[in-house]
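Everything on this sheet refers to the single structure shown next.
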Amino acid sequence: MADVKRNYNAASRRERAQERRRDVVIAAQELFEADGFQATTISAVARRAGVSAESIYKGFGTKAALAKAVFDFVIAGDDEPVPIAQRPGSLAIQDEPDVRRKIRMYVAGLVDRQQRSARVQILIRDGRHGDETLRETWQTLLDERLAGMTMFGRHLLETGDLRPGITLEEVADVLWTYISVELYELLVLLRGWSPERYGDHVATAITTAICPPSV
């Protein structure tokens, strides 16, 4: 009984800690998007989340690290410790035999992720010009995107259905470019395209760039 109680208490503490962390990340997202990165203080985030500023510094370290945590939260759509590559949508793409369908499925998920995360990405990207601490955070986002697209590009190449002679580097570069927040910003946020039109354009552009012409 004592072991059961200790395990229960430990699980309860972990759950409460996860809830507090989620509250902090959501509070930071709301304030960053409303007031900007520089104007948002850790104290303001702490007040909104109902925690101490000290606990935020202890849990995240810096405001830039908190911004990265916000990005990770919005890109995934939750705070579950499951990598995107291991989630049902990604597994379904891996199981799909048709390479063009794989691309369409990936872009459908991309549209959802861009809608959740674009403003946070832009905040980090533009904020790096006025705050040195965000430069490393933005570079991390770029590096993670390239790593993810290299992994996806390798998966597409292994189907044997891409354009003859295309290299993994080219595939990764094409994917990395077309899924960039800049394209979403230009077409959806600035030109008023619907997310559906944006997704169709991106899927078509990627397919045209890396797949052989349809017969």
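The values are calculated or read from the model by the stated rules, or taken from the named source; none is laboratory data. It should be emphasised that the depicted structure is a prediction, and the values quoted were computed from it without experimental measurement. Counting neighbours? That spans all protein chains shown, and the Cβs are built from the backbone with ideal geometry, glycine included. Side chains are part of the model used for accessible areas, which takes the heavy atoms of the whole protein and leaves out ligands, DNA and RNA. Shrake-Rupley method; radii C 1.70, N 1.55, O 1.52, S 1.80 Å.
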> What percent does the relative contact order of segment 1-151 come to when contacts are Cα pairs within less than 8 Å and at least six residues apart?
Replying inline: 23
> Of LEU175, TRP193, THR208, whose Cα points farthest to the positive end of the dipole of segment 169-215 (charges on the beta-carbon: +1 Lys, Arg; -1 Asp, Glu; origin at the Cα centre)?
Replying inline: TRP193
> So, with a 1.4 angstrom probe, what is the percent of accessible area on segment 21-103 that is carbon and sulfur?
Replying inline: 52
> Which Cα, out of ALA46, ILE122, ILE75, lies furthest along the positive dipole direction of the chain (beta carbon charges, K/R +1, D/E -1)?
Replying inline: ALA46
> Once the Cα gyration tensor of segment 37-156 is found, what semi-axes does its equivalent ellipsoid get, as square roots of 5 times the eigenvalues, in whole Å, sorted largest first?
Replying inline: 32, 16, 12
> Taking a quarter of the surface of the Cα convex hull of segment 129-205, what do you get in nm²?
Replying inline: 6.3
>> Test of understanding: given the chain, find the longest segment containing no GluC sites (Glu not before Pro) that are in a DSSP loop and have at most 15 other Cβ atoms within 10 Å.
In response: 1-131
> Taking a probe of 1.4 Å, how large is the accessible area per residue of the chain, in Å²?
Replying inline: 57
> Which percent of Cα-Cα pairs in segment 48-104 sits in each 10 Å bin, short to long?
Replying inline: 19, 34, 24, 14, 9, 0
>> Compute, for the chain, the length of the dipole vector about the Cα centre, with Cβ point charges of +1 (Lys, Arg) and -1 (Asp, Glu) only. Units Debye, rounded to 20.
In response: 640
> Ignoring any ligand, DNA or RNA, what whole percent of the accessible area of segment 132-215 comes from carbon and sulfur when the probe is 1.4 angstrom?
Replying inline: 56
> Can you work out ³J(HN,Hα) from phi for every residue in segment 160-165, in order, using Karplus 6.51 cos²θ - 1.76 cosθ + 1.60 and θ = phi - 60°, giving whole Hz and x for Gly and Pro?
Replying inline: x, 10, 8, 4, x, x
> Mean Kyte-Doolittle of at least 0.5 and a Cα length of 24 Å or more along the axis: which whole DSSP H helices of the chain meet both?
Replying inline: none
>> For the chain, compute Rg over Rh where Rg is the Cα radius of gyration and Rh is the Kirkwood radius from the inverse mean 1/r over Cα pairs.
In response: 1.04
